[in-house]
Amino acid sequence: MEHLLPLFVTWDVNPALLHIGSFEIRYYGLLWAIALGISAYIFHNIMQREGLSEKTFDSIFWFGVISTVVGARLGHCLFYDPGYYLTHPIEILDIRQGGLASHGAAFGLLLGLWLFSRKNKMPYIWSLDRISIAVAISGVAVRLGNLMNSEIYGTVTSLPWGFIFVRDGETLPKHPTQIYEALCYLATFGLLCWLYYAKDMARRRPGILFGIGLIGIFLTRFFIEFIKTEQEAFEQGWLLDMGQWLSIPFILLGIYMIYR
């Protein structure tokens, strides 16, 4: 009888890329750094294309990076485990434990860009439209980091691309929802690049890129959450999980921006 290949992928990747004594470099942290680097490259290109100064680029880069990282960490601590972190606030600073929430990053970035726009006397919507391009491709890198960590995956599936996440103790194939999200974010990035570079939509229709970016990222997240396992025990029995509830305001804002 012809040998049949298994209809699943056995995923047993060490999340640490490199160990040097007690110090380690993890794929997740590396991919976050790559996401920030790609974002910086894209925004530098946009700045050059629109004739803006290096000083302006430096300003938006640091406002964006700091607000994103701080927002992502606070989002994880306050959205998903507030009871623990409010009684152990010093541990919020210990990012070695992991824990960065994309919704927290989004809230932080919105605040950071508002501060940047105010300081540099630039329209807020200018920043929001252009940052959407960088955020979409950054989302791809971050979700690949989740894949390398064997985390935030889906429910049991019989599809041939199901992943058995061995390091998390799984024995049945699960939906690789990290890959699903990464592919949707990549498609959103391609659409936003086309609208910005080929159609000049950021200038012709301010707000449209921001709106499409929000829909592409958070509507994707909303629907894929239906096939994800619960991240926290308190979500069991909920009609919608925490990620979905947090996505709804961004989806509504995206619809409003497109309508507007």
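Would you list, by chain and number, the lysines whose Cα falls below 28 Å from the Cα of Lys174, excluding same-chain residues fewer than 8 positions away? Counting by Cα, and skipping residues close in sequence, Lys174 has these lysines nearby: Lys228.
Available extension along the chain between Leu18 and Lys121 is 32.7 nm, counting 0.36 nm per residue and deducting the alpha carbon span. Annotation: His175 carries an accessible surface of approximately 30 Å², with a 1.4 Å probe and no ligand, DNA or RNA atoms counted.
Would you mind working out the accessible area per residue for the chain, using a 1.4 Å probe, and quoting it in Å²? Don't skip to the end; give the middle numbers.
On the way: 14030 Å² over 260 residues.
About 54 Å² of surface per residue is accessible.
Quick check on the chain: take the gyration tensor over C-alpha atoms, sort the square-rooted eigenvalues as a ≥ b ≥ c, and tell me if it's rounded (a/c under 1.5), prolate or oblate.
On the way: a/c = 1.67, a/b = 1.47, b/c = 1.13.
Prolate, because a/c is 1.5 or more and a/b exceeds b/c.
Ranked by accessible surface with a 1.4 Å probe, highest first, in what order do Thr87, Thr177, Thr68 come? Kindly include the intermediate steps, with their values, before the conclusion.
Working: Thr87 95, Thr177 0, Thr68 25 Å².
The residues order as Thr87, Thr68, Thr177, largest area first.
Here's the list of lysines a cross-link from Lys119 could span, going by alpha-carbon distance under 27 Å and ignoring same-chain residues fewer than 8 apart: Lys55.
If a/c stays under 1.5 just call it rounded; otherwise compare a/b with b/c (prolate if a/b is bigger, oblate if not). Do that for the stretch 42-177, with a ≥ b ≥ c from the square roots of the Cα gyration tensor eigenvalues. Provide the component values of the computation, followed by the final result.
On the way: a/c = 3.13, a/b = 1.62, b/c = 1.93.
In terms of gyration-tensor shape, oblate.
Stretching Ala198 away from Glu230 to a fully extended chain increases their span by 7.5 nm, per 0.36 nm per residue minus the current alpha-carbon distance.
For the chain, the Cβ-based charge dipole about the Cα centre amounts to some 1300 debye (Lys, Arg positive; Asp, Glu negative; other atoms uncharged). Loop-located trypsin sites (Lys or Arg not before Pro) in the stretch 85-148 (DSSP state not H, G, I, E or B) with no more than 14 neighbouring Cβ atoms inside 10 Å: Lys121.
Taking the mean number of other Cβ atoms within 10 Å as a proxy for protection, how do you rank 110-116, 45-51 from highest to lowest? Please report the intermediate quantities before stating the final value.
On the way: 110-116: 18.0, 45-51: 12.9.
With the highest mean Cβ count within 10 Å placed first, the list reads 110-116, 45-51.
Using a 1.4 Å probe on the protein heavy atoms, what percent of the accessible area of the chain belongs to carbon and sulfur?
On the way: 9530 of 14030 Å².
Ligands and nucleic acids excluded, carbon and sulfur reach 68 percent.
How far, in nm, would the chain grow between Leu186 and Glu50 when pulled straight, counting 0.36 nm per residue and subtracting the alpha carbon separation? Present the calculation step by step, with values, prior to reporting the outcome.
Details: separation 136, 0.36 × 136 = 48.96 nm, distance 2.42 nm.
Working it through step by step, the gained length comes to 46.5 nm.
Share of pairwise Cα-Cα distances greater than 19 Å in the stretch 1-70 is 59 percent (whole percent). Taken over the stretch 140-232, the ratio of Cα radius of gyration to 2.2 N^0.38 Å equals 1.30. Which residue fluctuates the most in the chain, going by a Gaussian network model with Cα springs under 10 Å, if the choices are Gly75, Gly207, Gly237? Maximum fluctuation in the GNM of the chain, among the listed residues, is at Gly237.
Looking at the chain as a GNM with Cα springs under 10 Å, which of Val140, Val65, Val166 has the largest mean-square fluctuation? Residue with maximal mean-square fluctuation among Val140, Val65, Val166: Val166.
The values are calculated or read from the model by the stated rules, or taken from the named source; none is laboratory data. Predicted model only: the values in this text are computed from it and were never measured. A quick note on method: Cβ atoms are made from the backbone with ideal geometry, for glycine too, and the neighbour counts reach across all protein chains shown. All accessible areas refer to the heavy atoms of the entire protein, side chains included, with ligands and DNA or RNA removed. Shrake-Rupley method; radii C 1.70, N 1.55, O 1.52, S 1.80 Å.
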